[in-house]
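Accompanying notes for the structure given below.
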Amino acid sequence: QVQLVESGGGLVQAGGSLRLSCAASGSIFYVNAMGWYRQTPGKQRELVATITIGGSTNYADSVKGRFTISRDNAKNTVYLQMNSLKPEDTAVYYCNAAISLGFGKRATLYWGQGTQVTVSS
């Protein structure tokens, strides 16, 4: 069984910063790509940032220059440093990870439970 547990969400004023963490645990062989997505009520979940096992990153245009994704492969953990936050960044943030449970086994996508980020104006 694999779990992704997020932490670090909360309430912050516009212009402030937050750092989200997401740790994968369980019978993990290796973790491939990891990422952060966000969702607001009535809208589809959207990509925020992704990072490969080698450290290559990809960002949504709306967060480029403000958010930084990173990972600690030894801890199976991905981070999202969010700076210069705006009210439109308010959403539930979800992490995901492509995880293989054994040698030769295809990686499966797992999701965290989500953490609320609220940015006040």
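The values are calculated or read from the model by the stated rules, or taken from the named source; none is laboratory data. Remember, predicted model here, so these are calculated numbers, not experimental data. Cβ sites come from the backbone with ideal geometry, for glycine too, and all protein chains shown count toward neighbours. Surface accessibility is based on the protein's heavy atoms, side chains included, excluding ligands, DNA and RNA. Shrake-Rupley method; radii C 1.70, N 1.55, O 1.52, S 1.80 Å.
Proximity of backbone amide H atoms, modeled 1.01 Å from N, is registered between THR90 and VAL119 at under 5 Å, excluding neighbours fewer than 5 places apart on the same chain.
With K and R counted +1 and D and E -1, the other residues having a Cβ less than 13 Å from that of PHE29 yield a net charge of +2. The phi torsions of region 92-100, fed into the Karplus equation with coefficients 6.51, -1.76 and 1.60 and a -60° offset, translate into couplings of 8, 9, 10, 9, 9, 8, 8, 10, 9 Hz, rounded to whole numbers, with Gly and Pro shown as x. Directionally averaged projected area (the chain, Cα convex hull): 7.3 nm². Karplus-based coupling profile of region 25-33, in residue order and whole Hz: 9, x, 7, 9, 8, 7, 10, 8, 5, with θ = phi - 60° in 6.51 cos²θ - 1.76 cosθ + 1.60 and x standing for Gly or Pro.
Remark: region 19-112 carries a charge dipole of roughly 100 debye about the Cα centre, counting +1 on each Lys and Arg Cβ and -1 on each Asp and Glu Cβ. A simple rule links phi to the HN-Hα coupling: the Karplus curve 6.51 cos²θ - 1.76 cosθ + 1.60 with θ = phi - 60°, which for region 62-70 gives 5, 10, 4, x, 10, 10, 9, 9, 8 Hz, with x for Gly and Pro. Proximity of backbone amide H atoms, modeled 1.01 Å from N, is registered between PHE67 and ASN83 at under 5 Å, excluding neighbours fewer than 5 places apart on the same chain. Think of a 1.4 Å ball rolled over the protein heavy atoms: region 14-89 then has 52 Å² of accessible area per residue.
Relative contact order, whole percent, for region 1-102 stands at 37, derived from Cα pairs under 8 Å and 6 or more residues apart. Ranking PRO87, GLN113, SER27 by how far each Cα lies toward the positive end of the dipole of the chain (charges on Cβ) leaves SER27 at the top.
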